[in-house]
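This report refers to the structure that appears directly beneath it.
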Amino acid sequence: MSWLRELVDVPVGVDELADRLTRCGFEVGAVEPWPADPRDPGGGPDAVLDLEITTNRPDCLSVLGIAREVATAYGTELRMPEAPETGADGGDAVAITIDDPDLCPRYAGALAEVTVAPSPPWLARRLEAADVRPINNVVDVTNYVMLELGHPMHAFDRDRLAGPEIRVRRARAGEAVRTLDGADRPLDPEMLVIADAERPQAAAGIMGGAASEVGPATRTIVLEAAWFDPISVRRTSRRLGLATDASYRFERGADVGAPPAAIRRARRLLADIGAGTPRGGLVDRHPAPHAPIDVKLRHARLERVLGQTIDEGFVAPTLTRLGFEPTPAPGDRGAAWRVRVPTHRVDVGREEDLIEEIARHHGYDGIPTTFPALTRPARAPGPWRARDRLVRRLLTGGGFSEAVTYGFVEEAAAQAVCGDPREVVALRNPLSERGAVLRPSLLPGLVDAVVHNRRRERHDVRLFETGSRFRRGEGETPALGMALAGSAAAAHWSAPARPADLFDMTGAIARLCSGFGLEASFEPAAARHLVPGQSARVVLHAGADRVALGEAGRLDPAFAAARGMTGSDPIYVAELDLRRFDPGTLDRLRAAPVPRYPSVTRDISVEIDDALPAARVRDTIRAAAGPALAGVAEVDRYTGAGVAAGTVSLSLRLTFRAPDRTLTDAEVQESTGAALRALADTHNARQR
């Protein structure tokens, strides 16, 4: 707090200040008392504010940034840290060459004669309060400036450099640098380095090199402050496995206008604490100065977005205290301002960003809860919403729970479920190897969810997910994934538990299809991620057309083991194309009246090829028996004595009913005979 009070008059205590900052949109993690330091007779007890700064506000990663917010919140003046230049600007005290202005458009440097010693107690105490370890007065000043102004800087021992030149360039093949933490780090040509005439002396924006480290014998230093491309710093930091306070700030966007001010502030502090004196002038290399950003702010737009009346006299002073430069501008309806955005506000680039600044300091808690006025009818919901609602209702009614998984998977999992590896869509900049490609299937994520539940003692798992899958040839398509493991039903004393099998999965699919007024059948199929002989292709019947819906079957144990599944319990999965479920069928579903006339059943037994799918047998019967056939179902299956090898005795029950009369025995017998003849002609079946 004492550091903050040097820059702005805070008219309240630390707890009230924390509350005010919270109302301005900051997250205050803690308010910690900071005891007096016996090394500093003039210092008393203090307090430390622990703030969580969002990634879009790098300007607040400094005491000055928070002081600017406090000054705006309380309408007081901000006192900028003293940073007069004691040497003449422009002298070539240090030679600086920028070879890669695209990665480093600005680099400033200056010399100072120093005497290295421990820092004064007040400076060391402030660094410790910010979790920075004091080292010596020179290094501590550079860290102090970073914390105060928010701009990282570094000091080189000039006598340990190879010549008086600083060159900002990309690393050369085979080069390496030993950083200040003592680790040797190989470099590649994509990395930006700060080098002398012979070798790299620092990983730009991350950490300096041990070869030019400031130590007790240092007499002359080169102070540097620069602006580095955030993407370049982020990539180098990841490749080197090295994250620092400097890289944390550069990755989020430093102030391109700050390097000269940081150098001047550091040289002033060195003089104030008796650690050194400036030598020569400041050199500022800025080949292509950044063009200023101007944003127009309309008062009418401001009030419309916030839904409340904002005094015109509140807008310009607030923006001015935050560092903006508003000037009146012509507006279509009421007042307007042309606002020059300061270089430290890298998050501001449009009108809504300025409106957010006014909202923060006017008070989020003062924005009324109102429903926005509708100037046009709302767009009709997409037909897929009704489809997905019915899918959820049908599956949750069948005991399934909905899962939501990531849209990214590792490449090995995508290759395992994709028929053609060339269909896999890779990400250009994946966050990790576990999310290197867009998922071509929902199954890897669902299997991960099954494993997650199993590890938490959830044995019986029924999950489904609706979402998008991505394949290069098809693009983005909606799909339904299902996973089933454990028991078919909850344990009960009345009967022993039965493990779930393929027919439980196909039954759930058939029930889902019937909810859409569709009929599904299952045919033998093979898939690389399913067990042969325990997998099926799901086919929809649309009149005389047969449309492929998806696949179902037992998951290959090797695939399950690769996802972390332990044990030998099977997992049954299915993946269906949601585009085949026509939302238009929802409005055509009608309840059927209870039949007024009785049904007639006939049982038939035939000896038929045991490799023939039952669905094809039923289809043949339906096609031959005529419209009076109301249903057909298998009632028995027998192999053994009296049945030829390669065949099976299949008993089926045929149900007949007419909507307008009671059927006669002759009509039923004729339809039954037609079904038997069709079985004989089509499948070489023999009646038993």
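The values are calculated or read from the model by the stated rules, or taken from the named source; none is laboratory data. Since the model is a prediction, treat every value here as computed from it, not as a measurement. Note that we place each Cβ from the backbone using ideal geometry, even for glycine, and neighbour counts take in every protein chain shown. Calculation scope for accessible area: heavy atoms of the full protein, side chains included, ligands and nucleic acids excluded. Shrake-Rupley method; radii C 1.70, N 1.55, O 1.52, S 1.80 Å.
Between Val643 and residues 5 or more places away or on another chain, which pairs have amide H atoms under 5 Å apart, with H built 1.01 Å from N, and which residues are they?
none
Please get the size of the charge dipole for the chain, origin at its Cα centre, with Cβ charges of +1 on Lys and Arg and -1 on Asp and Glu, quoted in debye to the nearest 20.
It comes to approximately 2260 debye.
For Asp569 paired with Thr76, estimate the spin-label separation in nm (one decimal), with each label point 7 Å from Cα along the Cα-to-Cβ line.
6.3 nm
Can you compute the FRET efficiency between Thr22 and Asp501 using 1/(1 + (r/R0)^6), with r the Cβ-Cβ distance and R0 = 51 Å? Round to the nearest 0.05. Kindly include the intermediate steps, with their values, before the conclusion.
Values: r = 57 Å, r/R0 = 1.11.
After rounding to 0.05, the efficiency reads 0.35.
How much net charge surrounds Gly486 when only the other residues with a Cβ under 15 Å from the Cβ of Gly486 are counted, with Lys and Arg +1 and Asp and Glu -1?
Summing Lys and Arg as +1 and Asp and Glu as -1 gives +2.
Of Ala226, Leu442, Ala413, which is farthest along the charge dipole of the chain in the positive direction, counting Lys and Arg as +1 and Asp and Glu as -1 at C-beta?
Leu442
Given 0.36 nm per residue, what is the gain on full extension from Thr54 to Thr664 after removing their alpha carbon distance, in nm?
211.5 nm
Could you compute the FRET efficiency for Ala373 and Asp353, with r as their C-beta to C-beta distance and R0 at 25 Å, rounded to 0.05?
0.60
Of the heavy-atom accessible surface of the chain (probe 1.4 angstrom), what whole percent is carbon and sulfur?
Values: 17560 of 34410 Å².
Answer for the chain: carbon and sulfur cover 51 percent of the accessible area.
Along Cα→Cβ, 7 Å out, is where each label goes; now give me the distance between the ones at Thr327 and Lys296 in nm to one decimal.
1.5 nm
Just going by the charge dipole of the stretch 60-210, with Lys and Arg at +1 and Asp and Glu at -1 on Cβ, which of Ile194, Pro101, Leu127 is farthest out on the positive end?
Looking along the dipole axis, the top candidate is Leu127.
Could you please put Trp34, Trp3, Trp384 in sequence from largest to smallest accessible area, using a 1.4 Å probe?
Details: Trp34 70, Trp3 25, Trp384 120 Å².
Order by accessible area, largest first: Trp384, Trp34, Trp3.
Working from Cα positions, state the angle (0 to 90°, nearest 10) between the long axis of helix 259-272 and the longest principal axis of the chain.
Its long axis makes an angle of about 50 degrees.
Can you send over the solvent-accessible area of Arg172, 1.4 Å probe, protein chains only, in Å² to the nearest 10?
It works out to around 120 Å².
Can you put Tyr248, Tyr572, Tyr74 in order of accessible area, largest first, using a 1.4 Å probe?
On the way: Tyr248 90, Tyr572 15, Tyr74 55 Å².
Descending accessible area places them as Tyr248, Tyr74, Tyr572.
Against the longest principal axis of the chain, how steep is helix 351-362, in degrees 0 to 90 to the nearest 10, with axes from Cα atoms?
70 degrees
Mind checking the dipole of the stretch 75-232: about its Cα centre, +1 per Lys or Arg Cβ, -1 per Asp or Glu Cβ, Debye to the nearest 20?
It works out to roughly 300 debye.
How big is the charge dipole of the stretch 334-421 about its Cα centre, in debye rounded to the nearest 20, if each Lys and Arg gets +1 on its Cβ and each Asp and Glu gets -1 on its Cβ?
Value, rounded to 20: 580 debye.
Using only protein heavy atoms and a 1.4 Å probe, report how much of Leu147 is accessible, in Å² to the nearest 10.
Only protein atoms counted, so the area is about 20 Å².
Between Ala623 and Val12, 0.36 nm times their residue separation minus their Cα-Cα distance comes to what?
Taking Ala623 through Val12 to full extension adds about 211.2 nm, to one decimal.
Using heavy-atom solvent-accessible surface (probe 1.4 Å) with all chains present, what is the largest-first order of Met80, Met505, Met207?
Ranked list, largest accessible area first: Met80, Met207, Met505.
Restricting to bridges with both residues inside the chain, how much of the DSSP beta-bridge set is antiparallel, in percent to the nearest 5?
Details: 114 of 120 bridges.
Antiparallel bridges: around 95 percent, rounded to the nearest 5.
How high is the relative contact order of the stretch 318-405, given as a whole-number percent (alpha carbon pairs under 8 Å, six or more residues apart)?
Details: 42 pairs, mean separation 13.4, N = 88.
Answer for the stretch 318-405 is 15 percent.
Work out the FRET efficiency for Val31 and Arg219 from their Cβ-Cβ distance, taking R0 = 51 Å, and round it to the nearest 0.05.
Rounded to the nearest 0.05, the efficiency is 0.75.
Just need the relative contact order of the chain here, percent rounded to a whole number, with Cα pairs under 8 Å and 6+ apart.
Reported as a whole number, the value is 9 percent.
What figure, in Å² to the nearest 10, do you get for the accessible area of Arg537 with a 1.4 Å probe and non-protein molecules left out?
Its accessible surface works out to 90 Å², give or take rounding.
Between Arg653 and Arg616, what is the spin-label point distance in nm, taking each point 7 Å from the Cα along the Cα→C-beta axis?
Those two pseudo-labels are separated by 2.6 nm.
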